[in-house]
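The values are calculated or read from the model by the stated rules, or taken from the named source; none is laboratory data. Fair warning: this is a prediction, and the values are worked out from it, not measured in the lab. Using ideal geometry, Cβ is built from the backbone for each residue, glycine included, and neighbour counts are taken over all protein chains shown.
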């Protein structure tokens with residue numbers, strides 16, 4: 001799969017369940033026009049308000065396993081009792097358009113993607129404390145509270161393997177921190193020069209031609 005920065009970045013946003021990665025991901029998608037979410041597949045049942053093909057592709061376990069055999073997924077993992085996976089075609093479709101692909105996935109899947117796509121930018125979202133994480137899980141009516149807390153204690157040490165750490169204490173602050181990472185990447189010279197990305201800067205043709213074809217008078 002071609003994931004050169006000139007086409008579009010791949011972002012991995014991951015966190016223990018209940019930390020707020022889906023909420024933050026949705027806010028990022030609303031505020032950054034160059035960002036598009038990769039819709040992942042799962043064998044769990046839809047929660048209230050979730051729609052097939054919008055929030056997830058909800059599959060029967062038999063269908064999911066068949067797609068594993070077919071090589072359909074970029075990564076897949078079994079988390080708790082359910083399977084989750086990222087379709088390769090979704091990532092390619094987004095980055096081929098020059099947009100950035102956002103994967104909102106569990107920690108196990110995130111580390112798989114990072115191995116396959118080492119240039120992907122991985123962001124680990126932390127809760128301010130385990131007590132606050134427990135409160136958030138209770139507030140959303142989580143039935144498997146103790147299981148998810150124990151699982152989180154095994155996921156949090158994985159943070160050391162990510163590129164960035166962001167704490168979701170104040171929601172708006174966490175969103176702004178992640179936005180700053182994403183915007184900064186699209187200002188990298190390698191990204192701007194690697195494709196037709198000058199238009200994002202609002203430069204006129206004269207400046208673009210000068211940067212592309214002009215000679216720098218300073219010796220390196």
Quick check on the stretch 88-98. Is at least one of its residues out of contact with any helix residue (DSSP H, G or I) (no Cβ under 8 Å at 6 or more places or on another chain) and at positive phi? yes
Inter-residue pairs, beta-carbon under 8 Å, first over 16 Å from residue 107 (Cβ atoms) and in the stretch 72-83, second in a strand (DSSP E or B), 6+ apart: 72/85; 72/87; 73/41; 73/85; 73/86; 73/87
Just give me the residues in the stretch 109-147 being buried (at least 18 other Cβ atoms within 10 Å of the Cβ), under 22 Å from residue 83 (Cβ atoms) and more than 21 Å from the chain's Cα centre (by Cα), in sequence order. 137
Looking only at the stretch 175-208, count how many residues are without any contact (Cβ under 8 Å) to a residue 12 or more places away in the chain and touching a strand residue (DSSP E or B) at 6+ places or on another chain (Cβ under 7 Å). 1
Where residues in the stretch 40-53 are out of contact with any helix residue (DSSP H, G or I) (no Cβ under 6 Å at 6 or more places or on another chain) and surrounded by 10 or more Cβ atoms within 10 Å (Cβ to Cβ), which of them is nearest to residue 99 (Cα to Cα)? 40
Of the residues 61, 36, which is at pLDDT 95 or above, under 24 Å from residue 9 (Cα atoms) and in contact with a strand residue (DSSP E or B) (Cβ under 9 Å, 6 or more places away or on another chain)? 36
Restricting the stretch 178-201 to residues that are part of a helix (DSSP H, G or I) and surrounded by 18 or more Cβ atoms within 10 Å (Cβ to Cβ), which is modelled with the lowest pLDDT? 192
Look at residue 168 and say whether it is within 12 Å of residue 19 (Cβ to Cβ), surrounded by 16 or more Cβ atoms within 10 Å (Cβ to Cβ), touching a residue at least 40 places away in the same chain (Cβ under 8 Å) and in contact with a helix residue (DSSP H, G or I) (Cβ under 7 Å, 6 or more places away or on another chain). yes
When residues of the stretch 1-33 are filtered for being surrounded by fewer than 20 Cβ atoms within 10 Å (Cβ to Cβ), at pLDDT 95 or above and closer than 18 Å to residue 188 by Cβ, how many remain? 1
Checking residue 123 against (1) assigned to a helix (DSSP H, G or I); (2) within 28 Å of residue 146 (Cα to Cα), the condition it does not meet: (1)
